[in-house]
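Right, one structure below, let's go through it.
No lab work stands behind these numbers, since they all come straight from the coordinates. Source: prediction; values computed, not measured. Because the Cβ atoms are built from the backbone with ideal geometry, glycine has one as well, and the counts that use them run over all protein chains shown.
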């Protein structure tokens with residue numbers, strides 16, 4: 001095998017391992033940040049009186065069912081796809097299919113409450129949190145070490 005072929009093989013392995021790190025450890029780091037952002041941007045700003053929050057039981061911070069990620073070419077994409085609460089029926093909302101869209105825009109509620117019409121963009125808050133720290137970088141470096149790579153801190 002030529003040096004060029006060896007280098008391509010190594011590059012392919014590293015790319016696959018980076019994607020694997022993102023899919024596993026990276027996704028968990030993003031979930032941690034998103035949960036923190038939801039707590040600060042959504043849950044902590046007011047206490048509902050009309051309904052009980054589902055939180056980690058099918059609600060916005062349900063890590064297993066509502067925060068989904070895909071990885072392609074070293075890029076992790078995460079979406080919060082929390083469904084509307086069936087206990088309150090879709091008639092509580094106008095033309096929305098996910099709770100995320102309503103909360104982020106502040107639009108679509110059929111009833112008035114202190115945050116009706118007020119955007120609470122926990123997705124942007126998550127992005128900013130991840131951009132302002134090196135959590136993902138550290139997570140990938142640690143994941144590559146676990147996978148047998150000799151990683152040197154820059």
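Remarks
- Label-point separation in nm, residue 153 to residue 57, each point 7 Å along Cα→Cβ: 4.3
- Report summary: the helix-based calculation at 222 nm, which adds -39500 (n - 2.57) for every DSSP H run with n ≥ 4 and divides by the residues of the chain, gives -12500 deg cm²/dmol.
- Take the Cβ atoms of residue 14 and residue 64, set R0 to 25 Å, and the FRET efficiency comes out at 0.25.
- Residue 137/residue 45 FRET efficiency (R0 22 Å; Cβ-Cβ; nearest 0.05): 0.10
- Protection proxy ranking for 47-60, 22-35, using the average of other Cβ atoms within 10 Å per residue and placing the highest first: 22-35, 47-60.
- Rounded to the nearest 10 degrees, the angle from helix 135-146 to the longest Cα principal axis of the chain is 40 degrees.
- FRET efficiency for residue 2 and residue 77, using Cβ-Cβ distance with R0 set to 30 Å, rounded to 0.05: 0.25
- Whole-number D in µm² s⁻¹ for region 3-146, Kirkwood Cα-pair radius fed into Stokes-Einstein, 25 °C, 0.890 mPa s: 145
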